[in-house]
1. Most fluctuating residue of His13, His108, His94 in a GNM of the chain with Cα springs under 10 Å: which is it?
2. For a quick check, take a GNM of the chain with Cα springs below 10 Å and name the residue from Arg76, Arg119, Arg152 with the largest mean-square fluctuation.
3. Answer rounded, prolate or oblate for the range 73-137, using the Cα gyration tensor with square roots of eigenvalues a ≥ b ≥ c: rounded when a/c is under 1.5, else prolate when a/b is larger than b/c, else oblate.
4. Give the range of the longest stretch in the chain that excludes all GluC sites (Glu not before Pro) found in loop regions by DSSP and having at most 13 other beta-carbon atoms within 10 Å.
5. With point charges of +1 on the Cβ of Lys and Arg and -1 on the Cβ of Asp and Glu, referenced to the Cα centre of the chain, which listed residue (Pro41, Ala6, Pro21) lies farthest in the positive direction of the dipole?
6. With charges only on Cβ, +1 for K and R and -1 for D and E, what is the dipole size of the range 27-98 about its Cα centre, in debye, rounded to 20?
7. Just want the answer: with Cβ charges of +1 for Lys and Arg and -1 for Asp and Glu, which residue in Ala85, Thr104, Tyr122 is farthest toward the dipole's positive end in the range 71-129?
8. Roughly how many debye, to the nearest 20, is the charge dipole of the chain about its Cα centre, given +1 on each Lys and Arg Cβ, -1 on each Asp and Glu Cβ, and no other charges?
Amino acid sequence: MSGITARGVLYIHSTPSALCPHIEWAIGSVIDQRTDLEWSPQPASPGMFRAELSWVGPQGSGSQLASALRGWAHLRYEVTEEQSAGADGGRWSHTPDLGIFHATTDVHGNIMVTEDRIRYAYETGAGDPAAVYHELSLALGESWDEELEPFRHAAEGAPVRWLHQVG
């Protein structure tokens, strides 16, 4: 990884309590320090728990966090990494049913869809507006947003913990 610093947030939207220590261990393996998250019940999914962690570390830490948590059953999470010198921002979203989605983001957190992806949507659609809409929906990660939105709203007002010197 580079010596340039980035910052972001890890949102664990929902997980069963049995996974909480494993998630902390996975995060700790990326940031190279013990992590004790402040877990709270997830109102959008009774019996599940949620936590948030703001981090500062080398560019690429967001992708490493997303990879460390990828593929676990019953785990919903998002990782954001803000733009930093010479690098776009990113957002990684994961749900048990959909898997992982990654998008490049601008300085405001908006998803940026590349010219090639837009051309692919047009070519795949071949004049069918519904097919073009479907491809652009995939490029924007709308299915992930639809599944995660209730979990995001359930977290409003929750405390955020800052972690510096990740990586």
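1. His108
2. Arg119
3. oblate
4. Excluding the exposed sites themselves, the longest stretch runs over 39-155.
5. Pro21
6. Here the range 27-98 has a charge dipole of around 200 debye.
7. The residue sitting most towards the positive pole is Thr104.
8. In debye, rounded to 20, the chain gives about 520.
Bear in mind these aren't lab numbers, they're just calculated from the coordinates by the rules spelled out. All values derive from a computational prediction rather than experimental measurement. Using ideal geometry, Cβ is built from the backbone for each residue, glycine included, and neighbour counts are taken over all protein chains shown.
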